[in-house]
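Undergrad: Here it is, the structure, as structure tokens.
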Amino acid sequence: MPLAPEYAAMFEQLAEQPPAPGLWEMTPEQGREMYRAMRPLNPELPIHKIEDQVIHGSLGEIPIRIYTPAGEGPFGVLMNFHGGGWVIGDLDTADAVCRELATLAEVVVVSVDYRMAPEAPYPAAVHDAYDATVWAANNMHELNGNGKIGLTGESAGGNLSAVVALKARDEHGPQIAFQCLLYPVVDCDLTRPSYSANGEGYLLETKTMQWFWDTYCPDPAQRKEADASPLLATDLSNLPPALVVTAEFDPLRDEGEAYADALKAAGNQVTAVRYDGMVHDFMATAALFESSRKGLLETVSALKAALN
């Protein structure tokens, strides 16, 4: 299928502008500034209540942002781990998607500002993501939760969601009701066909992914651990039901679909959906592009069914 018209027009406009440096050519702080500009706050998106808190984890304090929908509840609780290759991104870059998920799916969203590389390399992000999930399970009453916990995140956030699901199983942690993996990073292998086909010219590039991995997990041997590359876990059985979302023009497409297949082969309940015409990070434009809206609304339906 061809590229969605809105994205085709966007790439045409970008091509008319002077070439910008690649993310891999920037400092982490420059990359973070660029990502904030790409995913700005949109306070016009409706949300009943937002509250910022700081909770305590095994590595220290973790900032979180809690999005509560209208209604009496209790509600399902959805942990959100932002995207950005474990190097860029924050609560603000995830804000628009969190507002929409909370409002439309009628769930409490707990967005987690986990530690990032290079200041805090692997596995710091994993510890923060898991600790925040344990905190939510222990504070279900405070959150007006119904006892069900879901995990979601885009890209690197999808990676952390998959890893937290594995850790919760292995460490007898919180019971996870659902994992919603949005174009996730699940393997350190950058040689799949989707990298060859889509690794340049579609926002997320192969050089960027190499930079993310080099910054987040400098030791190549550690990248093959299940906490970094969940596709390489030796046991994928007894995991929560999963929705795995991929995009046609995304270098991460093949690994996401391989993870969905591996989860199914291990006996788990899995729905895998590829959105044709879409690029990586397409949820970021769901409030603007009609082509992106479909994926958001179908994801909302799955979350609503699983958590409420």
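Undergrad: Consider region 284-307. How many of its residues are surrounded by 15 or more Cβ atoms within 10 Å (Cβ to Cβ), over 21 Å from G83 (Cβ atoms) and at pLDDT below 95?
TA: Adding up the residues that qualify gives 0.
Undergrad: Suppose we filter region 49-87 for residues that are within 15 Å of the chain's Cα centre (by Cα), of a type in the set (A, V, I, L, M) and closer than 22 Å to C217 by Cα; how many remain?
TA: Qualifying residue count for the region: 1.
Undergrad: A follow-up question, please. Taking the residues in region 1-58 that are among the charged types (D, E, K, R) and over 30 Å from P69 (Cβ atoms) as candidates, determine which candidate is surrounded by the fewest Cβ atoms within 10 Å (Cβ to Cβ).
TA: In the first step, residues of region 1-58 are kept if they are among the charged types (D, E, K, R); the result is 6, 12, 16, 25, 29, 32-33, 36, 39, 44, 49, 51-52.
When the remaining residues are screened for being over 30 Å from P69 (Cβ atoms), the result is 12, 16, 25, 29, 33.
Values: E12: 9, E16: 6, E25: 12, E29: 9, E33: 13.
Within region 1-58, the match that is surrounded by the fewest Cβ atoms within 10 Å (Cβ to Cβ) is E16.
Undergrad: Same structure again: If only one of A132, A102 is farther than 19 Å from N159 by Cα, crowded, with 21+ Cβ neighbours inside 10 Å, within 19 Å of the chain's Cα centre (by Cα) and modelled with pLDDT of 95 or more, which one is it? Give the steps one after another, and end with the answer.
TA: Numbers: A132 fails: farther than 19 Å from N159 by Cα.
Within the list A132, A102, the selection yields A102.
Undergrad: OK, next. Restricting attention to region 4-34, report how many residues are in contact with a Gly (Cβ under 6 Å, 6 or more places away or on another chain) and either farther than 18 Å from E200 by Cβ or not in a helix (DSSP H, G or I) (or both). Steps first, please.
TA: Going residue by residue through region 4-34, those that are in contact with a Gly (Cβ under 6 Å, 6 or more places away or on another chain) are 4, 23.
Narrowing the set further to residues that are either farther than 18 Å from E200 by Cβ or not in a helix (DSSP H, G or I) (or both) leaves 4.
Result for region 4-34: 1.
Undergrad: Out of (1) part of a helix (DSSP H, G or I); (2) surrounded by fewer than 21 Cβ atoms within 10 Å (Cβ to Cβ), the odd one out for V273 is which?
TA: V273 satisfies all of (1) part of a helix (DSSP H, G or I); (2) surrounded by fewer than 21 Cβ atoms within 10 Å (Cβ to Cβ) except (1).
Undergrad: State whether the residues of region 172-182 include one that is outside any helix (DSSP H, G or I), over 23 Å from M26 (Cα atoms) and free of Cβ contacts under 8 Å to residues at least 24 places away in the same chain. I'd like the intermediate steps shown before the answer.
TA: Step one: filter region 172-182 for residues outside any helix (DSSP H, G or I), giving 172-182.
Those still in the list that are over 23 Å from M26 (Cα atoms) too: 172-182.
Still in the list and also free of Cβ contacts under 8 Å to residues at least 24 places away in the same chain: 172.
Yes, because at least one residue in region 172-182 is outside any helix (DSSP H, G or I), over 23 Å from M26 (Cα atoms) and free of Cβ contacts under 8 Å to residues at least 24 places away in the same chain.
Table: residues versus (1) among the charged types (D, E, K, R); (2) under 16 Å from I55 (Cβ atoms).
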position	(1), (2)
V87	no, no
V112	no, yes
P123	no, no
N138	no, yes
E142	yes, yes
K148	yes, no
A165	no, no
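Undergrad: Does V163 qualify as being in contact (Cβ under 8 Å) with a residue 24 or more places away in the chain, over 27 Å from F249 (Cα atoms) and either touching a Cys at 6+ places or on another chain (Cβ under 6 Å) or not in a loop (DSSP other than H, G, I, E, B) (or both)? Please lay out each step first, then the result.
TA: Values: in contact (Cβ under 8 Å) with a residue 24 or more places away in the chain: yes; over 27 Å from F249 (Cα atoms): no; either touching a Cys at 6+ places or on another chain (Cβ under 6 Å) or not in a loop (DSSP other than H, G, I, E, B) (or both): yes.
Answer is no for this residue.
Undergrad: How about region 59-72: which of its residues are surrounded by fewer than 18 Cβ atoms within 10 Å (Cβ to Cβ) and in contact (Cβ under 8 Å) with a residue 60 or more places away in the chain?
TA: Step one: filter region 59-72 for residues surrounded by fewer than 18 Cβ atoms within 10 Å (Cβ to Cβ), giving 59-61, 63, 70-72.
Passing the criteria: only L59.
Undergrad: Only one residue in Y216, Y195 is more than 18 Å from the chain's Cα centre (by Cα), buried (at least 20 other Cβ atoms within 10 Å of the Cβ) and among the aromatic types (F, W, Y). Which one? Spell out the reasoning first.
TA: Values: Y216 fails: more than 18 Å from the chain's Cα centre (by Cα).
From the options Y216, Y195, the qualifying one is Y195.
Undergrad: Of A247, A228, A262, A242, which residue is among the aliphatic types (A, V, I, L, M) and surrounded by fewer than 21 Cβ atoms within 10 Å (Cβ to Cβ)?
TA: Values: A247 fails: surrounded by fewer than 21 Cβ atoms within 10 Å (Cβ to Cβ); A228 fails: surrounded by fewer than 21 Cβ atoms within 10 Å (Cβ to Cβ); A242 fails: surrounded by fewer than 21 Cβ atoms within 10 Å (Cβ to Cβ).
A262 is the lone residue from the list that is among the aliphatic types (A, V, I, L, M) and surrounded by fewer than 21 Cβ atoms within 10 Å (Cβ to Cβ).
Undergrad: Kindly indicate which of D131, D90 is closer than 27 Å to C188 by Cα, outside any strand (DSSP E or B) and touching a strand residue (DSSP E or B) at 6+ places or on another chain (Cβ under 7 Å).
TA: From the options D131, D90, the qualifying one is D131.
The values are calculated or read from the model by the stated rules, or taken from the named source; none is laboratory data. Everything numeric here is computed off the predicted structure, so don't read it as measured data. FYI the Cβ positions are ideal-geometry reconstructions off the backbone, even for glycines, and counts take in every protein chain you see.
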